[in-house]
1. Treating the beta-carbon of each Lys and Arg as +1 and of each Asp and Glu as -1, no other charges, what is the dipole magnitude of segment 1-113 about its Cα centre, to the nearest 20 debye?
2. How large is the translational diffusion coefficient of segment 1-113 in µm² per second when you combine the Kirkwood radius over alpha carbon pairs with Stokes-Einstein at 10 °C and 1.306 mPa s?
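Read-outs throughout are calculated quantities, based only on the coordinates presented, and are distinct from any laboratory measurement. All values reported here derive from a predicted model rather than from experimental measurement. Every residue, glycine among them, receives a Cβ derived from its backbone with ideal geometry; neighbour counts consider all protein chains shown.
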Amino acid sequence: MNRTLFISQPMSGLTHEEIMKTRTEATQYIESKYPDDNIIVLPSYQIVEPNVTYNAMSAVNLLGNAISMMGGANIVYFVPGWRDSKGCQIENEVARRWLEPTGVELIEAGMESIDIELSDDELNALKAAANKMGVSLNKYVEIKLQQSMQDGTFEKVAEEIKAFPGYTVEETKALIEGEREMADAHLEMLEAKEAKEKNKV
């Protein structure tokens with residue numbers, strides 16, 4: 001099976017050799033994930049000639065071309081450091097809003113090194129659930145956490161997913177509890193304001 005790969009990577013300030021090294025490593029990683037498939041890498045990296053002035057207009061043009069090319073991908077891989085790149089951030093937003101809902105797989109660097117306490121069978125079951133929903137594993141985890149914040153079933157969700165990307169279960173719980181505390185404080189403030197208004201009447 002052929003799979004087309006779009007590599008989203010920081011390029012500003014990097015040499016041609018550094019950029020190509022990252023692309024090679026990214027391609028090898030995706031090939032290791034799909035050993036039985038033929039990975040076709042989209043040519044999203046365009047060399048800007050030394051005598052060409054690189055400005056905001058050329059940056060926008062290059063980004064526009066990259067986004068157009070990304071529309072033909074089956075897999076979009078965001079390499080390490082993508083969160084620090086404005087262009088990669090925009091590509092990620094576009095991919096999440098318009099490509100992921102159509103079945104394009106989004107893989108963000110860091111997901112491959114999650115300290116997740118699941119057996120192979122459990123992890124495969126989790127991936128199957130994400131595929132059934134038609135979203136990436138990262139998006140599935142995000143959806144589950146949002147649901148848990150709304151219905152108060154974090155413990156059950158934590159037991160299912162074990163860890164939020166980049167965090168341990170304990171750290172994830174602290175993050176969720178922090179959100180709840182903020183929501184509770186906001187609610188108390190609104191109730192106090194409402195009571196004050198009633199007293200005025």
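1. Roughly 240 debye, rounded to the nearest 20.
2. Result for D is 109 µm²/s.
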